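Take a look at the structure set out below.
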Amino acid sequence: MPNTETTLTYPQYTSWMRELADLRYANAVLQWDQETYMPEAGAERRSGQIATLSELAHRFFTDPQKAKELNQLLADNSLDEKQRKNVSLTAEDVSQQAKLPGDFVRTMSETVSKSFQAWMDARKANNFAVFAPLLGKLIDLKKKEADYLGWQAHPYNALLNQYEKGCTVSMLDATFAALRAPLSALLAKIAARQQVSESIVKQSFPEETQWQFSMDLLEKMGFDFRAGRQDKSTHPFTTNFSAHDVRITTRIDPNDLSNMTYSTIHELGHALYEQGLPDAEYGLPLGEFTSLGIHESQSRLWENNVGRSLSWCSSFFPLIAHYFPEQCAGANAETFYRAVNRVQPSFIRTEADELTYHFHVMIRYELEKTLMEGSLPVNDIPAYWHAAYKKYLGIEVPDDKTGCLQDVHWSHGSFGYFPTYSLGSLYAAQFFGAAEIAIPGLQKQLSAGNFGQLLNWLRQEIHIHGRFFTSEELCKRISGDTLNINWFMQYVKEKYRFIYSLEEEAIPS
Ligand code: CO
């Protein structure tokens, strides 16, 4: 008699995965605390605590016995479609993770914690040299990681694949190449027009009032405060410990209302996705987000397609004027709309307009690719940065803080992450385009401050599926098309034609 007996049942698999999730989310609490409330002196011990939990989780997950049992469980015919998907994705994840030795995971985790502190110190000193030694160590570790994971054509592919399954250098090269020409042409048309004023958002806005406004706007746009909270951090982020405990952070610039406003809406978009993941699938792949590109599509959709629309500005301007009556005197929703859509090459990625944004991402993408090839010494990063900003955006980067020290990602050990920002914006335009077709009168609803139907649509089309579909499958189901930059180009052309009074025939196609 053939031995078809499995040693692992589906319920046993589920509880094993949930124990692992408990370990991982406990670690996420430590990391969230590190970036929000932990006192400076706690840093050293905290690195050790996080490293220990990371190593434990890794050991637990890559148990060779479990890998065997998962494959046996996959042969169990009584599994339904979703259960089978959970088990097969887990088997895939285990085989990927098992390629990384435990001591490597620990070294990586410790180096990341130290790097984060070094990055903060370097920013304080406005000096890249403070961060460079640890960054060099991280890059070496990332090269090692790519080798452990295995790669074809380019070592960077191994890292890209961790954030966006199937994403490669050749796919990104093609996407960015396709974007570059029409974007540059549109930017040139805009530069030739009279600049719009942003004075409405560049005034003095008391921090405390900004904070109250941000909490109010989160509530009005659908953030569930019984299942999440907002705090402050240097670099805004979203993390979650379950679909019922989602943490976001924001930052406040007392001289710029748009900084906090759009950072808050961006993280809100991430949070709505996390709060919409099926809690019944806690700890399992179908309870997790599809990919970082899809995660970012949700933040960018709420931030830009919704938050920077004339509809949103019409709906929220009265509330903004309520919190800041003096600053808003004599202005209206359209003044605000133009101000928050001003196109201008600038230094900081997170504050960039929707057009120049892609150049910020492109620069990081090309730089990381070069670093992974090993053809650029770490100490030359500031000079590379300077030259790239000059070439793509025509601006002179004044110092490290406004240059290569602005992003937290490398200090987190995240290489290959940046491209998901451009992918996210492109998916966002495509999803929002599909939503406008699916929801009649969507813009009218947004003008009335009614976000429920859009959120519901995103929940049904994207959130509830977890990792069941890949990004591209999801995209095709929703829009009938794989990722296609035309949706984005169409959206920005229409938008800026109005804002900058561009001639119809002058719009490059
Ligand atoms: Co984001």
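The values are calculated or read from the model by the stated rules, or taken from the named source; none is laboratory data. Everything numeric here is computed off the predicted structure, so don't read it as measured data. So basically every Cβ, Gly included, is an ideal-geometry build from the backbone, and we count neighbours across all protein chains shown. With ligands, DNA and RNA removed, areas are computed over all heavy atoms of the protein, side chains included. Shrake-Rupley method; radii C 1.70, N 1.55, O 1.52, S 1.80 Å.
Only residues of the range 278-310 count here: report those whose backbone N is under 15 Å from the spot 7 Å along Cα→Cβ of residue 486, or say none. Under cut-off, by backbone N: nothing. Taking the range 169-506 as the region of interest, the number of lysine pairs whose Cα atoms are within less than 18 Å, with members eight or more places apart or on different chains, is 6. In whole percents, the pair-distance distribution calculated for the chain from its alpha-carbon pairs, binned every 20 Å from zero, is 21, 58, 20, 1, 0. Helices in the chain, meaning DSSP H runs of at least 4 residues, each add -39500 (n - 2.57). Divided by all residues, the mean residue ellipticity at 222 nm is -19500 deg cm²/dmol.
Placing +1 on the Cβ of every Lys and Arg and -1 on the Cβ of every Asp and Glu, with no other charges, gives the chain a dipole of roughly 480 debye about its Cα centre.
Maximal additional length on extending the residue 103-residue 402 stretch stands at 104.1 nm, based on 0.36 nm per residue less the C-alpha distance. What the phi angles of the range 336-353 give under the Karplus curve with 6.51, -1.76 and 1.60, with θ = phi - 60°, is a coupling list of 5, 4, 5, 4, 7, 10, 4, 9, 7, x, 8, 8, 9, 4, 5, 9, 6, 5 Hz, glycine and proline written as x. With respect to the chain, whose longest principal axis is taken over its alpha-carbon atoms, helix 64-74 is tilted by about 80°. Here the simple spin-label model places points 7 Å from the Cα toward Cβ, and for residue 255 and residue 380 these points are separated by 3.6 nm. Surface exposure of the chain, expressed per residue as accessible area with a 1.4 Å probe, stands at 42 Å².
For the range 1-149, carbon and sulfur atoms together expose 52% of the accessible surface, with a 1.4 angstrom probe and every protein chain in place. Each peptide in 147-155, 377-385, 248-256 gets a packing score, the mean of other Cβ atoms within 10 Å over its residues, and the list from highest to lowest is 248-256, 377-385, 147-155.
Placing +1 on each Lys and Arg Cβ and -1 on each Asp and Glu Cβ, with no other charges, gives the range 356-411 a dipole about its Cα centre of roughly 140 debye. Karplus-derived 3J(HN,Hα) values for the range 115-127, using 6.51 cos²θ - 1.76 cosθ + 1.60 with θ = phi - 60°, are 5, 4, 5, 4, 5, 4, 4, 5, 5, 4, 7, 6, 9 Hz; glycine and proline are entered as x.
The angle between the Cα long axis of helix 357-373 and the longest principal axis of the Cα atoms of the chain comes to about 40 degrees, rounded to the nearest 10.
Shape of the range 10-130 from its Cα gyration tensor (a ≥ b ≥ c, root eigenvalues): rounded if a/c is under 1.5, otherwise prolate when a/b > b/c, or oblate? Prolate is the answer for the range 10-130, as a/c is 1.5 or above and a/b outweighs b/c. Angle, helix 419-438 long axis vs. longest principal axis of the chain, Cα atoms, 0 to 90°, nearest 10? The answer is roughly 70 degrees.
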